[in-house]
Amino acid sequence: QVQLVESGGGLVQAGGSLTLSCAASGFSFSSYTMRWYRQVPAKERELVASISSGGVTINYADSVKGRFTISRDNGKTAVYLQMNSLKPEDTAVYYCNAYWLGWGTIERSYWGQGIQVTVSS
């Protein structure tokens, strides 16, 4: 079965750092784009960062550019999000997402359960 399990969340002071991990299993990890999303109550889920299947193409939301770093280890089937210089507005539930889009119309997407990140002032 497909599993995406996030870990590494918690409480950190503003200006601090935290690294999230997502352990994946049950699908062809090395064929999937991996993404981190975040969501706060009453707001839409926001794409934070993405990394292509081979780890070459990386994109970040403007709000985290220069502070967050996404990486992946296809051998360990894991994706990471290193978060530095954290701000209170980074407080959210963070979700790991695996996405695959075929050259045609085939599309697959898997989600983790989410993990809380809280940044105090």
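The values are calculated or read from the model by the stated rules, or taken from the named source; none is laboratory data. On a predicted model such as this, the values are computed, not experimentally measured, just so you know. Neighbour counts are summed over all protein chains in view; Cβ atoms, including those assigned to glycine, are modelled from backbone coordinates with ideal geometry. In case anyone asks, the SASA skips ligands and DNA or RNA and just uses the protein heavy atoms, side chains included. Shrake-Rupley method; radii C 1.70, N 1.55, O 1.52, S 1.80 Å.
Worth a mention:
- Residue match in segment 78-85 (condition: over 15 Å from L20 (Cβ atoms) and assigned to a strand (DSSP E or B)): no
- Matching residues, segment 4-21, being of a type outside the set (S, T, Y) and surrounded by 13 or more Cβ atoms within 10 Å (Cβ to Cβ): L4, V5, E6, G8, G9, V12, A14, G16, L18, L20
- Filtered by the rule that a residue be in contact with a Phe, Trp or Tyr (Cβ under 7 Å, 6 or more places away or on another chain) and surrounded by fewer than 20 Cβ atoms within 10 Å (Cβ to Cβ), segment 85-104 gives Y99, W100.
- For the residues A24, A49, the requirement of being closer than 15 Å to Q82 by Cα and open to solvent by less than 40 Å² (accessible area, probe 1.4 Å) singles out A49.
- Segment 52-66, residues that are surrounded by 15 or more Cβ atoms within 10 Å (Cβ to Cβ) and farther than 16 Å from F27 by Cβ: G55, Y60, A61, V64
Let's see how each residue does on (1) more than 11 Å from the chain's Cα centre (by Cα); (2) within 25 Å of W100 (Cβ to Cβ); (3) at pLDDT below 95:
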position	(1), (2), (3)
L11	yes, no, no
C22	no, yes, no
G26	yes, yes, no
F29	yes, yes, no
R38	no, yes, no
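- Here T69 clears all of (1) in contact with a Lys or Arg (Cβ under 6 Å, 6 or more places away or on another chain); (2) open to solvent by 60 Å² or more (accessible area, probe 1.4 Å) except the condition numbered (1).
- Residue match in segment 78-99 (condition: of a type in the set (D, E, K, R) and within 23 Å of G26 (Cα to Cα)): no
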